[in-house]
1. So, counting K/R as plus one and D/E as minus one, what does the shell of residues with Cβ under 14 Å around Ser112 add up to?
2. Take the chain, compute every pairwise Cα distance, and split them into 10 Å bins from 0; I just need the percent in each bin.
3. Do any trypsin sites (Lys or Arg not before Pro) in segment 204-268 lie in a DSSP loop with no more than 11 other beta carbon atoms within 10 Å, and if so, which?
4. With everything on Cα atoms, drop me the angle between helix 327-341 and the longest principal axis of the chain, reported from 0 to 90° to the nearest 10.
5. Which is farthest toward the positive dipole end of the chain among Val39, His127, Gly5, measuring Cα position about the Cα centre, with Cβ charges +1 (Lys, Arg) and -1 (Asp, Glu)?
6. Pulled fully out, how much extra length does the chain show between Asp31 and Phe6, if you take 0.36 nm times their separation in residues and subtract their Cα-Cα distance?
7. Hey, rough spin-label estimate for Arg68 and Glu273, points 7 angstrom out along Cα→Cβ, what's it come to in nanometres?
8. Please tell me the relative contact order of the chain in percent, rounded to the nearest whole number, where contacts are Cα pairs under 8 Å and at least six residues apart.
Amino acid sequence: MDYSGFQQHEVLCVDMRSFYASVECVKRGLDPMTTLLAVVGDTKRPGSIVLAASPALKKKHGVSNVSRYFELPEDPEIVIAEAHMKDYLEVSVAITELVHEYVPMEAIHVYSVDEFWVTLDGTEKLHGNAEETAAKLQADILEQFGVTAAIGIGDNKFLAKVVMDIHAKKQTSGIAVCHYQDVPRLLWPVPIQDIWGIGRRMQRNLNRMGIVTLGHLAHTSLEQLKKRYGVMGEQLYWHAWGIDESEVLGDFVKQEQKSYGHGITLLRNYRGEEIPTIILELCEEACRRARRDRKEGNTVHLAVGYASQHGGGFSRSRSFTSPSNLTTDMYKLCLELFHEHYQKGYEVRRVSVSLTNLYDEEATQLSLFEDKSKQKDLSRTMDQIRARFGTTAILRASSHTAAGITIERSTKIGGHQA
């Protein structure tokens, strides 16, 4: 492969190790690397998921982030911490502010609450080469926040991310480097299921083709991969050679909104007659966000997942005669879809709604038969009250029933306690 025509940068991928668990350890004055600590979503529910386990807990008892609270071993040394998402977000933002001292904001791409990319192009005279800068940043994060970071360094985002996942986390230094010329040695022997972006389904499909390692993928015909997997097959091929042309500088926060959706996995099985209340509250949130951005959607999507004893569910969509962002309009269509496709007697565990095929409010035509200006004014007034005084400042009566979820969700961030 001739890499001369492809972009070559100095990119770091930084991952805060066992982030939630580390923050909880630091709050308690404990060492994140030696303490046995598990962060649980809801300590009142035995079936709640373990959101994070400290490195020591993972090593001693094999606890993973998909374990359940009731599966934790009976070890008196284990510290149980209930999740506090607000604390994790605050620390994450503070770490981003620290990184901003090294590079401008357009060089920082936050991938998740505990992971981000940093482009170092042009900073060598300020902080040294990429490895020296990575070591300084790693030391600053540890000193200021008590959190250990693993850092991958590469010519692009993909290389930085994969070498961090595969090698940096296993290094004593927590830092690993992979340039284009290192791909055959460092990445090709790696099983494809360990590569970022390849899920179980794709792994099974590739395995059927005799592709087991990244090296096998690199030496598979590009045309064959494109024929079988389309654009995804082409991306897999180039990634196998370490090539990634995605932007490394820019505004990574502001992205084009393609839909406004809201969904929930319910804490208990809901009866069919309770679901309209859930649908209404989800439509309220989706439409509120659309109105905030002055967008209207032409298509409504409803997905319902049944409880485990039934299995399955349905996913259907329907369009308006003209675009809308009114809760009552979206709710009406969702309710039609629910009554048409719901299997009577089945209990429900998951519900989601979305508003798609978006238009700018100003670009939509006014109806000759309906004047919705009063409804829009009322909706915006309600939005303003909630924005100023909180989501529970003004509620529909149904939210106060046993089926309502808004009041409980108002105390949470990302589905977990703030």
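1. Local net charge: -1.
2. 4, 17, 22, 26, 22, 8, 1, 0
3. Loop-located and lightly packed - Lys254, Lys258.
4. Value to nearest ten degrees: 90.
5. Val39
6. Difference between extended and current length: 4.7 nm.
7. Distance between the two pseudo-spin positions: 3.0 nm.
8. The value is 14 percent.
The values are calculated or read from the model by the stated rules, or taken from the named source; none is laboratory data. Worth saying up front: this structure is predicted, and the values here are computed from it rather than measured. Counting neighbours? That spans all protein chains shown, and the Cβs are built from the backbone with ideal geometry, glycine included. With ligands, DNA and RNA removed, areas are computed over all heavy atoms of the protein, side chains included. Shrake-Rupley method; radii C 1.70, N 1.55, O 1.52, S 1.80 Å.
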